[in-house]
Structures are given as structure tokens and as C-alpha cells.
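Participant: Take a look at the following structure, please.
The numbers here are math on the coordinates, done by the rules we state, and not lab data. Just so we're clear, the structure is a prediction, and the values are computed from it rather than from any experiment. Reconstructed Cβ throughout: ideal geometry from the backbone, glycine too, with neighbour counts over all protein chains shown.
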Amino acid sequence: TETKPQINQDAVRIMKELYNIDMEAEGQFSKLVSDIPDPDIAISMGCNVGCPFIGRPFDDNWGLEDPTGKSDEEFKIVIEQIKHDILELKSRLNYNEI
């Protein structure tokens, strides 16, 4: 929704711990909507924030809770929910449900 000076450091640390993914080493950084190409699919993450208009309607809202400032366990719950939702999205795409 808005850029931050860096990716949430708790998310960076926990993703590395759980999946050995170093989000910063992979070149990821906070972006504005205008910095990304037009999407084929749009997913709102929820997190109790308003989403800007991106030139198309959203295909789904995952209704996630924002774990910022919460325990590592809360982060892990949200990360696992995102993993589940991505796998479900992949299945829906495979069956042309989106």
C-alpha cells in the first residue's frame, strides 16, 4: 500500500529460518504499485489496509492479519496461511477457475 525503507525484518528473519529464503539477498525491496507491471491476477492480502486501484478488480482477498509487531508464532501462522493460499491459487489457475 505504501513503501517502507526495507522489508519487515521479522519477516526476512523468519522466512530465512523456515525456508532458507533470504528475501534481501534475492533483491527484494518495497515497491509502489506504479513500479510493477500490470498484473494478470490481483490478490488483496487483507491486513486491515485499503488497497489502491491497480487498473483492474481484485480476483480474491486473502483476509490476512498483519503480524507486524506481534510474536514470531503470529508471523509463522500468517506465513503458513500465505503458503496455503498460494497452493490453492495454483490449483485454481490449473483448473481455469480464475
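Participant: What list of whole percents do you get for P(r) of region 1-40, with Cα-Cα distances grouped in 10 Å bins up to the one holding the largest distance?
Facilitator: Result, from short to long distances: 27, 45, 27, 1 percent.
Participant: Can you tally the net charge around residue 75? Count Lys and Arg as +1, Asp and Glu as -1, for every other residue whose Cβ sits under 14 Å from the Cβ of residue 75.
Facilitator: Numbers: positive: 13, 16, 70, 76, 83; negative: 10, 17, 65, 66, 72, 73, 74, 80.
Taking every Cβ under 14 Å from that of residue 75, the sum is -3.
Participant: Taking R0 as 22 Å, what's the FRET efficiency between residue 80 and residue 25 from their Cβ-Cβ distance, rounded to 0.05?
Facilitator: Numbers: r = 23 Å, r/R0 = 1.03.
Computed FRET efficiency for residue 80 and residue 25 comes out at 0.45.
Participant: If you stretched the chain out fully between residue 95 and residue 34, how much longer would it get, using 0.36 nm times the residue separation minus the C-alpha to C-alpha distance?
Facilitator: On the way: separation 61, 0.36 × 61 = 21.96 nm, distance 3.03 nm.
The residue 95-residue 34 span can extend by a further 18.9 nm.
Participant: What FRET efficiency, computed as 1/(1 + (r/R0)^6) with R0 = 25 Å and r the Cβ-Cβ distance, is obtained for residue 59 and residue 18, rounded to the nearest 0.05?
Facilitator: Numbers: r = 27 Å, r/R0 = 1.07.
My answer for the efficiency is 0.40.
Participant: Quick check: the distance between the Cα centres of region 70-98 and region 13-31, to the nearest angstrom?
Facilitator: 17
Participant: Same structure, new question: When the helices in the chain are scored as -39500 (n - 2.57) per DSSP H run of 4 or longer and the sum is shared across all residues, what 222 nm value do you end up with, to the nearest 500 deg cm²/dmol? Intermediate values should be presented prior to the final figure.
Facilitator: Working: 2 runs with 34 residues, N = 98.
Rounded to the nearest 500, it is -11500 deg cm²/dmol.
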